[in-house]
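Structure first, commentary second.
The values are calculated or read from the model by the stated rules, or taken from the named source; none is laboratory data. Since the structure is predicted, the reported quantities are computational estimates derived from the model, not experimental observations. Here the Cβ positions follow ideal geometry from the backbone for every residue, glycine too, while neighbour counts run over all protein chains shown.
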Amino acid sequence: MIKSINALLTFCEGPHDVAYVRMVLRKLLNFKIVKAKFKELPSPFNAIFKKTVQEYVQGDLSLDMAHKFFLPDTILQNGNHMILLFNCGGKDNYDKVRTLISDYLEALQDARTFPQGAEDVVDSTRYLFVYDADAKGIKDICCDVTTNFCSINNGEDFITQDWGKAPHSDFGRVAGDKAVYVWGENPGRGTLEDILIPLFANDNEELMTKATSAVVKMFPRDTDNNDAIIAVPALAKQKKSILTLLGQGEKPGSSIAVILEQSKLLTDTTLKDDERTGAFTKFVAEFINLRSTRVLEVM
Amino acid sequence: MSEEHKRSEWDIAKAIEKLYLEDKLDENEIIKRIDVSKYELRGSLRALALANQYRESDYGDQFKESMFPLFLKAVRIPALKEWLGWDDTTNIAANNVNRALFFSWLSYEPLESKYDSPLIQKRDDVVSISRILRNEQAFDYLLNTRDLAGAVRNTVTISDYILALRKSFGKTFGPFLSLFDKANGASLSGVEQTNIFSDKIDSHFSSITIESYKCLRNICIDKLARINLVAGLNNSGKTSLLEAIYLLARQNDFDGILGVIQRRGKIPEERIQAEWLLNQIARPISIKGVFDGKQADVTISVIQEGGESLDMSKYLQSVEITSQFDSHKQESLTRIFKGRERVSQADSIKLLCKAIYSSPFFLNESRHYSSSYQKSVRSKALPKIFDFIRLEIEPNISDIRLVEDSQRFLVTDSRFDETPDLTSYGEGLQRIFFMSLLFASAQNGILLIDEFENAIHVDLMARFAPFVYKLAVEFNVQVFLTSHSKECIDSFVQNIDKKEDISCYALVPNSEGALEVRGFGGQKYSNLLRIADVDLRKAQ
């Protein structure tokens, strides 16, 4: 019998956002990474992803095209909830997200008519846009999302409701089955690194102090500029350098994403006890109506 | 029923009238109560209406029940009905002048010191009148002389001579007679020549509902387009769908259902056994649709008649077809006998439009395409077909010509001194040629092609599909295609730019095993192909 799947399409800015979300979903919401072939995914994901790859192969695939597929970085599942994490390669890559959602909506309408061999079919879909608050703040980011995604599917309305505050987090906004979540020191300012630095510092205080000192000395940046548009990215870059340096002992040559997930610098207890991580976890669980023993324990 | 209890046509008509007008019963209920067919029921009501008009006329005091068969005959002859200004919806002869003239011919007329006898006294006289109406000279003669026999002599035509020749000499005149038949169009036994409601249409079928036909029950196909693609795996009901559309287009024409059964059984008409024929149409058939913006329907059922006029020793059953297009109701009744020719009765047979059905497996020999070839010549479609064949299939072919005597197609090919027979070329080329010829025959009508992809190479399909579309537009033909092939379906959707001119359908069994339709507009299906490479045949 065909099983109904509730899907959450999550659009992240970059690879380390994906890594953090993936870690939270795995460790705090009991999601498992799906290691299936395309044809084993629920309809319409099975057919869409297969066709995406086929098209590029038919288009005389060259090396510089190899990474231009817009496929999910990771697919995770917990019961009938499936979360697809996309790395958008930056906040402003609206076009490819819009195209993907538009195609997805078109195929979703007939997912049951054309299961293409799938055993499961997507029944309902929610959309989560995860961005750095940067200097803009959540209000302006919500406006940007509305502007860029209000009409998506051949003129069909996509975002039809106003953004409302999430019950348990100032960092999230919800408009029906769409949500925005921002990283930052507060909802009006900051980046993911504002969450990651305290997380890593919790179990690695001495290493963090040394890395910070080294980076500040080696690569001074205008982090105290009165103009937030200059100061926020400068601070983000500095923090990225600190996190990267921090992980080089355990994972030499690796990126933040690898350090985050594969080093032992961040413990499960720290992650579980972190207030901001907890807020994000709760936000996601509530947004997708996730119900499971393990989740309640964590929350 | 004993001889003294036999009911006269008048008695039956009066009984029907009572149930219909006084008891307000519908046609089906009346048929159940009185042992009559729908054809007889409607004919009786029309004849009564005409008789009532006669009774209200200046000649009304001459009315006798014995005249009723004359009215019955009159309302069953389309030419006469048209001349009388007959309207089947109101059952009124609206042409006052012609109606008065007809009534006068039915009546005694004062002539000098005596009364002249009625000109029409028996049913054959009504038939004669209807023939005279087509002949100006004979009609004038009748008006001036009131001499029916003399007027009939003025109406003898070449056709009558040919008929006489056929009866006298049979096969001796074979080739000559076959040429005559070709010029005259297909003949219908026992019924009037068929024609179509209107050759000028604004649109074709926009929707079709098959209430009951073979495995199809309550199947609704809407948003029909210029090119309609029906996909499915074997035995999924695709051919039945085409047949149902064909039957709807043929309205009350028994030859429509005969053609369908011939194709299914893959046997020529002369070898169809009566019992087998009836078996094939055992269950009631009911199909509806909207054609040219107007409602159309057809119902076909096998009934058991019990009339005393029937030779019950040979009689098996009757096939009753009732149809309606807008306000035009038609019916026909075909009695099937064992070891005897069937007999069809119909007041008129009008088709919704030209309807051509093509199957790769039957009636596919060259001779069946000679008429389409002639029409393609006249409509100047042939050079375009050659251009396509030269460009896409065989560049050495410059002409394909029909040889009338042998009914063969000979090919002018620059590689050969002789003109080889078309059958010496590949099946694909032949099929493309023959299918292309059909568009001229189906002008302003519908073309139904079963298993379109048969014998055509996948690579060629991408180029043939837009050519088919081009012909469909040029000849204003609505096309219905079935296919087993994903490549065939995709070729049409991907290679025709005007997506709104395409619709795709799949017949899908539901959880109870009944068939349902999944329909997609051309743009939608094109998007699904691009996004998810869907396969219409595997729709669920």
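As for the range B:509-523, it holds no residue that is under 16 Å from residue B:229 (Cβ atoms), buried (at least 20 other Cβ atoms within 10 Å of the Cβ), touching a Ser or Thr at 6+ places or on another chain (Cβ under 7 Å) and in the same structural domain as residue B:438 (by TED's automatic domain parsing). Restricting attention to the range B:504-532, the residues that are touching a Pro at 6+ places or on another chain (Cβ under 8 Å) and either away from chain A (no Cβ under 12 Å) or under 22 Å from residue B:205 (Cβ atoms) (or both) add up to 2. Among all residues of the range A:136-148, there is none that is touching a residue at least 40 places away in the same chain (Cβ under 8 Å) and touching a Leu at 6+ places or on another chain (Cβ under 7 Å). Please work out if residue B:263 is closer than 30 Å to residue B:130 by Cα, touching a strand residue (DSSP E or B) at 6+ places or on another chain (Cβ under 6 Å) and crowded, with 16+ Cβ neighbours inside 10 Å. No, not satisfied. Tell me whether the range B:441-457 contains one or more residues that are among the hydroxyl-bearing types (Ser, Thr, Tyr) and more than 30 Å from residue B:241 (Cβ to Cβ). Looking for residues that are among the hydroxyl-bearing types (Ser, Thr, Tyr) and more than 30 Å from residue B:241 (Cβ to Cβ), one finds none in the range B:441-457, hence no.
Picking from residues in the range B:46-85 that are without any contact (Cβ under 8 Å) to a residue 40 or more places away in the chain and under 30 Å from the mean Cα position of the chain (by Cα), the one that is surrounded by the most Cβ atoms within 10 Å (Cβ to Cβ) is B:71. Quick one: would you say residue B:306 is over 24 Å from residue B:34 (Cα atoms), assigned by TED's automatic domain parsing to the domain that holds residue B:215 and surrounded by fewer than 17 Cβ atoms within 10 Å (Cβ to Cβ)? Here the answer is no, as residue B:306 does not meet what is asked. Taking the range B:358-393 as the range and being at pLDDT 85 or above and assigned to a loop (DSSP other than H, G, I, E, B) as the test, the residues that pass are B:379, B:380, B:381, B:393.
Elements of the type strands (runs of 3 or more DSSP E) sitting completely within the range B:442-532 and holding at least 2 residues that are at positive phi and without any contact (Cβ under 8 Å) to a residue 12 or more places away in the chain: there are none.
Scanning the range B:219-242 for residues that are touching a residue at least 60 places away in the same chain (Cβ under 8 Å), within 17 Å of residue B:287 (Cα to Cα) and not in a loop (DSSP other than H, G, I, E, B) yields B:219, B:220, B:221, B:238, B:239, B:241, B:242. Residues of the range B:398-425 that are touching a Phe, Trp or Tyr at 6+ places or on another chain (Cβ under 9 Å) and in a strand (DSSP E or B): B:398, B:399, B:400, B:401, B:402, B:403, B:409, B:411, B:413, B:421.
The criterion of at least 2 residues that are among the aromatic types (Phe, Trp, Tyr) is met, among helices (runs of 4 or more DSSP H) falling completely within the range B:7-116, by B:38-55, B:68-74, B:96-105. Residues in the range B:389-411 that are surrounded by 18 or more Cβ atoms within 10 Å (Cβ to Cβ) and either touching a residue at least 40 places away in the same chain (Cβ under 8 Å) or in contact with a Cys (Cβ under 6 Å, 6 or more places away or on another chain) (or both): B:389, B:393, B:409.
In a residue-by-residue description of the range A:156-163, the property of being within 24 Å of residue A:46 (Cβ to Cβ), modelled with pLDDT of 95 or more and within 14 Å of chain B (Cβ to nearest Cβ) applies to no position.
Among residues of the range A:39-49 being surrounded by fewer than 23 Cβ atoms within 10 Å (Cβ to Cβ) and over 15 Å from residue A:85 (Cα atoms), the one that is farthest from the other protein chains (Cβ to nearest Cβ) is A:40. Candidates are the residues of the range A:195-225 that are of a type in the set (D, E, K, R) and free of Cβ contacts under 8 Å to residues at least 60 places away in the same chain; the one that is nearest to residue A:274 (Cα to Cα) is A:205. Among residues belonging to the range A:71-120 that are of a type in the set (Ser, Thr, Tyr) and within 14 Å of chain B (Cβ to nearest Cβ), point out the one that is surrounded by the fewest Cβ atoms within 10 Å (Cβ to Cβ). Looking at residues that are of a type in the set (Ser, Thr, Tyr) and within 14 Å of chain B (Cβ to nearest Cβ), I get A:99. Selection of the range A:185-194 for residues being surrounded by 20 or more Cβ atoms within 10 Å (Cβ to Cβ) and either in contact (Cβ under 8 Å) with a residue 60 or more places away in the chain or charged (D, E, K, R) (or both) yields A:189, A:192, A:193, A:194.
In the list B:501, B:497, B:535, which residue meets the criterion of being of a type in the set (Asp, Glu) and facing another protein chain (nearest Cβ under 8 Å)? So the residue among B:501, B:497, B:535 that is of a type in the set (Asp, Glu) and facing another protein chain (nearest Cβ under 8 Å) is B:535. If only one of A:91, A:51, A:3, A:27 is basic (Lys, Arg), at pLDDT below 95, within 25 Å of residue A:291 (Cβ to Cβ) and in contact with an Asp or Glu (Cβ under 7 Å, 6 or more places away or on another chain), which one is it? Answer to the selection: A:3. Hey, any hits in the range A:214-232 for a residue that's modelled with pLDDT of 95 or more and in contact with a His (Cβ under 8 Å, 6 or more places away or on another chain)? No; the residues of the range A:214-232 include none that is modelled with pLDDT of 95 or more and in contact with a His (Cβ under 8 Å, 6 or more places away or on another chain). With the condition kept exactly as written, say whether any residue in the range A:131-150 is crowded, with 23+ Cβ neighbours inside 10 Å, among the β-branched types (Val, Ile, Thr), assigned to a loop (DSSP other than H, G, I, E, B) and at pLDDT 95 or above. Looking for residues that are crowded, with 23+ Cβ neighbours inside 10 Å, among the β-branched types (Val, Ile, Thr), assigned to a loop (DSSP other than H, G, I, E, B) and at pLDDT 95 or above, one finds none in the range A:131-150, hence no.
Does residue A:207 satisfy the condition of being buried (at least 21 other Cβ atoms within 10 Å of the Cβ) and closer than 30 Å to residue A:269 by Cα? The answer is no for residue A:207.
Note on the range B:322-353: among residues that are part of a loop (DSSP other than H, G, I, E, B) and out of contact with any helix residue (DSSP H, G or I) (no Cβ under 7 Å at 6 or more places or on another chain), the one that is modelled with the lowest pLDDT is B:339.
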